[in-house]
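Here is the structure we will look at.
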Amino acid sequence: MAKAKTTIRNQIRVLRFTHGEMTQQSLADRIGVSRQTLNAIELSKYSPSLEVAFRIARVFGEPLEAVFQHEPEAN
Amino acid sequence: MQPSFTEKSVWIQLVSMLVALGAYSVVAGVMLSEGVDQLAAFVPLFVVSVVFLVVLQISGHTVAAITARPESPDERDRLIRWRSESNSSWIVAIGVLGGITALVVAVDPVWIAHCLLLSLFVSQVAAYVFQLVYYRRGMQGVGGV
């Protein structure tokens with residue numbers, strides 16, 4: 001079965017690495033979602049709400065656009 | 001990837017429902033085929049099935065909570081549940097319309113009751129299956145597909 005990919009890309013994996021190799025569980029606990037949900041966001045299998053997106057950006061001290069990028073779908 | 005507690009909970013609910021209400025369906029089907037047409041005759045069987053369902057769900061969730069940290073559903077869990085229930089709600093609608101049609105043509109009440117029960121059962125099973133598919137396949141956010 002084809003995987004559903006969103007058009008929102010993100011730099012969470014890179015940012016976790018550059019912030020002391022933060023674990024998924026640690027970041028998930030700080031933003032109030034399960035580790036599985038954070039993993040789905042990282043893999044672009046789920047687009048988070050604006051609230052969660054802002055929480056993630058705040059943890060890394062980055063603007064939202066540095067964490068998430070929108071890629072328009074090719075027609 | 002290790003499933004979340006909520007995804008495990010969906011598996012537990014799906015399996016317990018298939019076992020308990022599946023068993024009810026088999027026994028009730030045999031009774032109907034043998035000509036039992038009194039609804040009251042099915043009540044004890046239904047009560048036993050529901051108690052069995054509750055016992056299975058409590059046991060399953062207890063084991064899941066022991067083996068992994070229980071977590072409250074987050075926004076993705078809630079979205080998956082809402083979308084799955086939305087996807088499967090038409091099955092109940094068909095069951096209700098079928099029940100009304102059966103009433104109009106004066107079908108035996110025992111068949112109407114089981115038609116409604118079956119639509120509820122199938123709709124709930126479909127909702128669980130949709131949830132498991134969304135957990136594995138992924139899904140877009142509120143505006144996505």
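What accessible area per residue comes out for chain B, rounded to a whole number of Å², with a 1.4 Å probe? Walk me through the numbers on the way to the answer.
Details: 8000 Å² over 145 residues.
Value for chain B: 55 Å² per residue.
Indicate the residues belonging to segment B:58-99 that lose 20 Å² or more of solvent-accessible heavy-atom surface (probe 1.4 Å) upon moving from the chain alone to the assembly of all protein chains, ignoring ligands and nucleic acids.
Going by heavy-atom accessible area, the residues of segment B:58-99 that drop by at least 20 Å² are B:Arg69, B:Glu71, B:Asp74, B:Glu75, B:Arg76.
Measuring with a 1.4 Å probe in the full set of protein chains, what accessible area per residue, in whole Å², belongs to chain A?
Details: 4380 Å² over 75 residues.
I get 58 Å² per residue for this part.
Between B and A, buried accessible area summed over both sides at probe 1.4 Å, in Å² to the nearest 100? Could you put the intermediate results ahead of the total?
Working: alone 8890 and 5140 Å², together 12380 Å².
Between B and A, the summed buried area is about 1700 Å².
Placing unit charges on C-beta atoms (Lys and Arg positive, Asp and Glu negative, everything else neutral), compute the dipole magnitude of the protein assembly as shown about its Cα centre in debye, rounded to 20. Don't skip to the answer; put the middle values down first.
Numbers: 18 positive and 17 negative charges, 136 e Å.
Around 660 debye, computed over the protein assembly as shown.
In chain B, with Lys and Arg counted as +1 and Asp and Glu as -1 at Cβ, which of these residues, B:Val129, B:Leu53, B:Val110, has the Cα nearest the positive end of the dipole, that is, farthest along it?
About the Cα centre, the residue reaching furthest to the positive side is B:Val129.
Peptides A:65-72, B:87-94: what's the order by average Cβ count within 10 Å, highest mean first? All intermediate terms of the calculation are to be shown ahead of the outcome.
Numbers: A:65-72: 12.8, B:87-94: 15.2.
In decreasing order of mean packing, A:65-72, B:87-94 become B:87-94, A:65-72.
Compare the peptides A:20-28, B:107-115, B:75-83 by average per-residue count of other Cβ atoms within 10 angstrom and give them in order, highest first.
Values: A:20-28: 14.6, B:107-115: 16.1, B:75-83: 18.9.
Peptide ranking by packing, descending: B:75-83, B:107-115, A:20-28.
First compute the accessible area of the protein assembly as shown with a 1.4 Å probe, then give the percent of it belonging to carbon and sulfur atoms.
Working: 8210 of 12380 Å².
With neighbouring chains kept in place, the figure for the protein assembly as shown is 66 percent.
Could you give the length gained on full extension between A:Glu51 and A:Ala66, defined as 0.36 nm per residue of separation minus the Cα-Cα distance, in nm?
On the way: separation 15, 0.36 × 15 = 5.40 nm, distance 1.58 nm.
Full extension of this stretch gives 3.8 nm more.
Tell me, what is the FRET efficiency for A:Arg58 and B:Arg137 to the nearest 0.05, using R0 = 30 angstrom and their Cβ-Cβ distance as r? Present the calculation step by step, with values, prior to reporting the outcome.
On the way: r = 30 Å, r/R0 = 0.99.
Efficiency for this residue pair is about 0.50.
Hey, got the dipole for segment A:8-64? About the Cα centre, +1 on K and R Cβ, -1 on D and E Cβ, debye to the nearest 20? Working shown, then result.
On the way: 8 positive and 5 negative charges, 17 e Å.
Once rounded to the nearest 20, the dipole reads 80 debye.
Could you calculate the FRET efficiency of B:Ile94 with B:Val51 from 1/(1 + (r/R0)^6), where r is the beta carbon distance between them and R0 is 30 Å, rounded to 0.05? All intermediate terms of the calculation are to be shown ahead of the outcome.
Numbers: r = 29 Å, r/R0 = 0.96.
So, using R0 = 30 Å, E works out to roughly 0.55.
The values are calculated or read from the model by the stated rules, or taken from the named source; none is laboratory data. Values in this document were obtained by computation on a predicted structure and should not be read as measured data. Please note: Cβ atoms are built from the backbone with ideal geometry, for glycine as well, and neighbour counts cover all protein chains shown. All accessible areas refer to the heavy atoms of the entire protein, side chains included, with ligands and DNA or RNA removed. Shrake-Rupley method; radii C 1.70, N 1.55, O 1.52, S 1.80 Å.
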